[in-house]
Every structure is written in C-alpha cells, then in structure tokens.
Amino acid sequence: MNGGATMHELSLAHDMTRIIGNALGRKVHLDRVNITIGPLSGISPESLRFCFTEVAKIEGFGEPELVINLTRAKLICLDCDTEYEAKDFYQGCPGCGSISRRILSGREFTVDSVELEEGND
Amino acid sequence: MCDEVTEQKVDITTSVMSKNDRFAADNRELLGGKGIYTLNLISSPGAGKTAVLESMARFFGPRMAVIEGDIQTRRDAERIEKAGCQAWQIETGGACHLDAHAVNHALSHMNLDPDSLQLMAIENVGNLICPSGYDLGEDMRIGLLSVPEGDDKILKYPSLFSSINVLVINKMDLISHLDFDVDRAIDECRSLNPDVLVFTVSAKTGEGMEEFCGFVENQFSG
Ligand SMILES: Nc1nc2c(ncn2[C@@H]2O[C@H](COP(=O)(O)OP(=O)(O)OP(=O)(O)O)[C@@H](O)[C@H]2O)c(=O)[nH]1
Ligand SMILES: [Mg+2]
Ligand SMILES: [Zn+2]
C-alpha cells in the first residue's frame, strides 16, 4: 500500500467523524455509516475503510459498518459527443474508443447518513 | 421497546470536502480582493518545484510571495527568501498535502499589503496523489513533471493530471540522456484534460522559464 495514500485517507476519515459528530451533536455508537465516493475522487475505498474503522473507534463512534456507494463518473467524448459512464479514468468512449473527454461528474465524496446502534435514540 | 423505534437513521448529506472548500473560498476572496493571483504547484518530491519558484522569484522579485509546504524544515522557504521573495513555510508535521485551512493560516501571517504584490505561489507537499483533492483557493493549478520521472506518470496519476490547468515539464536539460517522450506526455495529458496548457522548461539552465513567467504575468496584468 502506498504510504502517502494512507495518510490522505486518514485525514479524510477524521473529517468524516468530525462531520458526523457535528450533525449528531454528540458521540454515539453507530451501526452503519453510508457514504458515496466518485471513481475520480482519488480516494482508495479500501484504504479509507481501514482508516475509518480505526478513527471511528478512537473517536467514540463504536465499530460501524462503512457502506460505500461507489458511483460511476459521467463523461462526454470530445471526438463523437457521446455521453457515457465510467468506473475509472481509463475507460474510453463506448462509441469510438477515444479517451479524449470532459469530466461532468465523478469526484464526489459525501457522508450520506448514519444509523445509530439500538438503544441509542 | 418496539422494533420500529430502535433503528434510527440520521440523514447527513454533507460533502467531506465542504470545510476545506469553505476555507478555499475564503482564501480566494481574500487574495482576489487584494488583486493577488494565486498558483498551486504540485509534483512528486524532487521534480523541481522550489527550483522553478527560485527562477520565478528572480523574474518577479517582490511582486511574488511564496507559501512553502513541506512535512518538515524551513529549507525551501530559505531558498526562496535568498532568491528575493517573501516566503512563509508551512510544516505539515506529517500530512502529505496542504489544505485550504493551513494556507488560510499562513496568509494571516504574511504581509499581503505591499502594492507591489501581485502573485502568490503555493508549493504543495511533494506528492502526486494526495494534494489533488484539495482546492487551496488557487486561480491556477500547475502540475510539474520532470523528465527523469518518466513519461508514463501522467496516466498513472490521472486524478492530479486531470485537475491541472497547466503542465510544466521540467529538467529539459537532461532530455538527451533519457527516453522521455515529450509529445506522448502532452498527448496523454490532453486526453485526460483537453484544456491543459503545456510548457517545457529547465529551472537549472533557465530554458523556457522566461516564456513561462511571461505567461503567468499575463494572467494578472493582461
Ligand atoms: N538538471 C536539473 N536539475 C534540476 C532542475 N530543477 C531542479 N533540479 C534539481 O532537482 C533537485 C530537486 O529540486 P527541488 O527544487 O528541491 O525539488 P522540489 O520539487 O522542490 O522537491 P521537494 O520540495 O522536496 O518536493 C535539486 O537537486 C535541484 O537542483 C532542472 O531543471 N535540471
Ligand atoms: Mg521544494
Ligand atoms: Zn467517442
């Protein structure tokens, strides 16, 4: 694993617990954390999962399951105007094979919702 | 207790980058309000960010100020000061990228008031992965690639090279010793990033630096 990448996901995991703590107004044990990651966000889901598990525990959120909704990027081909979806940077246009394109979306990274452990409401 | 009330789902719907993006907007407003044009310079360690900035410091003099991001040491800031510009060193203490909050803090320590100041250059921590997701409030993001690193790096780090406005290929004085294919690098960068502008330079010999500095100068005095 790339050491640099791990550091980056570690600070993102801290940002996630800060956002969750602010939204809930307190620290409680969580069952599940639902997030969305775009394939062009530069985030490694596995590295983030590893970091988040540690950070959530240390920050007092228990051991929630991290559920990652991995979206597809939306791109538009600059050679034939086809709008298409891709799961990474390398997937070319399905119409003409070109990888010359403009990015419409795919860099998103959001905390969508959390589910509290039973008896925590 | 009945089952329905024990499961509680709380909607959050917040971008994880929202705090960074708020500080980036603040930085943009602060610097833009003073008429200062801002660059964010990103490359792998040793590609020549500080060397390029030293060369720019000689061109721009006190019209430019520099924020240096390093994990440790003030060395790069000292090099910039020696070349004739105000410099502020951020020591990230381990973090592999700068964020907009750290830049905001640095700006609060710098003298942004001289009428002469027109350009703020931020040297990010040497890393091709982590800095790419962090908007610092820059007007122009520059990716620097040096020829000894190889021309395959652009497609290996698409997250960065798709996010830059300008690609600077550095250490061109070494090109004859290496099999770096400049045209291939440019083609691959354009395929990820159709609007990218490209400059080839040597910070060591000064080759291409005047053209590059002139281009930067045109962005704020055009
Ligand atoms: N031959 C040659 N060497 C260069 C050139 N630019 C920089 N170097 C050398 O490359 C080495 C690294 O340059 P720096 O400017 O410190 O690189 P950097 O990107 O700022 O490095 P970090 O801040 O550590 O990430 C130094 O030994 C420079 O003298 C160039 O155009 N040609
Ligand atoms: Mg440096
Ligand atoms: Zn096409």
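The values are calculated or read from the model by the stated rules, or taken from the named source; none is laboratory data. None of these values were measured; they are calculated from a predicted model. Counting neighbours? That spans all protein chains shown, and the Cβs are built from the backbone with ideal geometry, glycine included. Ligands, DNA and RNA are stripped out before the accessible areas are found, and what is left, the full protein with its side chains, is counted by its heavy atoms. Shrake-Rupley method; radii C 1.70, N 1.55, O 1.52, S 1.80 Å.
Annotations
- For the chain pair A and B, the interface hides roughly 2900 square angstrom of accessible area in total, found with a 1.4 Å probe.
- When peptides A:80-89, A:106-115, A:33-42 are ranked by their average number of other Cβ atoms within 10 Å per residue, the highest-first order is A:33-42, A:106-115, A:80-89.
- For residue A:113, the amide hydrogen comes within under 5 Å of the amide hydrogens of A:34, B:12, B:13, counting only partners 5 or more places away or on other chains and with H modelled in the peptide plane.
- FRET efficiency, 1/(1 + (r/R0)^6) with R0 56 Å, evaluated for residue A:79 and residue B:105 via beta carbons: 0.80
- Taking all protein chains together, B:156, B:19 sort by accessible area into B:156, B:19, largest first [probe 1.4 Å].
- The stretch B:65-97 and the stretch A:48-108 have Cα centres spaced 33 Å apart.
- J(HN,Hα) series, the stretch A:93-107, from Karplus relation 6.51 cos²θ - 1.76 cosθ + 1.60, nearest Hz, glycine and proline x: 5, x, x, 10, x, 5, 9, 7, 7, 10, 7, 9, 7, x, 9
- Summary of the geometry: the stretch B:190-204 and the stretch B:157-182, compared by the centres of their Cα atoms, lie 7 Å apart.
- Radius 14 Å from Cβ of residue B:139, net charge of other residues (Lys, Arg +1; Asp, Glu -1): -1
- Cut-off under 5 Å, modelled amide H: who pairs with residue A:105 long-range: A:74
- Over chain B: helical MRE at 222 nm, DSSP H runs n ≥ 4 each giving -39500 (n - 2.57), nearest 500: -10500 deg cm²/dmol
- Between helix B:182-192 and chain B: long-axis angle, C-alpha atoms, 0 to 90°, nearest 10: 20
- The calculated P(r) of the stretch B:18-221, using every Cα pair and 5 Å bins from 0, goes 1, 8, 17, 21, 22, 17, 10, 4, 1, 0 in percent.
- Sequence ranges B:112-123, B:56-67, ranked by mean other-Cβ count within 10 angstrom, highest first: B:56-67, B:112-123
- Placing pseudo-labels 7 Å out from each Cα toward the beta carbon at residue B:177 and residue B:91 gives an inter-label distance of 3.3 nm.
- Cα-based Rg / Dmax (Å) for the stretch B:75-172: 14.6, 43
- 5 Å-binned pair-distance histogram of chain A (Cα, whole percent): 2, 11, 19, 18, 14, 11, 9, 7, 4, 3, 1, 0
- 10 Å Cβ neighbours from other chains, averaged over peptide B:10-23: 6
- Based on Cα contacts under 8 Å between residues 6+ apart, the stretch B:18-221 shows a relative contact order of 25 percent.
- Cα-based reach from residue B:34 at 13 Å (exclusive), listing aspartates and glutamates while leaving out same-chain residues under 8 positions away: B:26, B:113, B:115
- What the phi angles of the stretch B:83-92 give under the Karplus curve with 6.51, -1.76 and 1.60, with θ = phi - 60°, is a coupling list of 7, x, 10, 4, 9, 10, 9, 9, 9, 6 Hz, glycine and proline written as x.
- Greater than 24 Å apart at Cα, pairs in A:57/B:9; B:19/B:49; B:156/B:204; B:49/B:156; B:82/B:153; B:19/B:82: B:19/B:49; B:156/B:204; B:82/B:153; B:19/B:82
- Phi angles of the stretch B:40-48 translate, via the Karplus equation with coefficients 6.51, -1.76, 1.60 and θ = phi - 60°, into HN-Hα couplings of 10, 9, 10, 7, 6, x, x, 5, x Hz per residue; Gly and Pro are given as x.
- Mean per-residue shielding of peptide A:102-111 is 4, counting Cβ atoms of other chains within 10 Å of each Cβ.
- Virtual paramagnetic centre 7 Å along Cα→Cβ of residue B:72, amide N under 19 Å, in the stretch B:118-133: B:125-127
- Charge tally in the Cβ shell below 11 Å around residue B:129, where Lys, Arg are +1 and Asp, Glu are -1, residue B:129 excluded: 0
- Under Stokes-Einstein, with the Kirkwood radius over Cα pairs as Rh, the value for the protein assembly as shown at 37 °C and 0.692 mPa s is 152 µm²/s.
- Within 10 Å of each Cβ in A:15-21, the average number of Cβ atoms from other chains: 3
- Using the Cβ-Cβ distance between residue B:187 and residue A:57 with R0 = 45 Å, the FRET efficiency computed as 1/(1 + (r/R0)^6) comes to roughly 0.45.
- Structure-based [θ]222 nm, chain A - -39500 (n - 2.57) summed over DSSP H runs of at least 4, per residue, nearest 500: -10000 deg cm²/dmol
- Relative contact order of chain A, defined on C-alpha pairs under 8 angstrom at six or more residues apart (%): 33
- Folded to 0 to 90 degrees: helix A:45-58 orientation relative to chain A principal axis, Cα: 20
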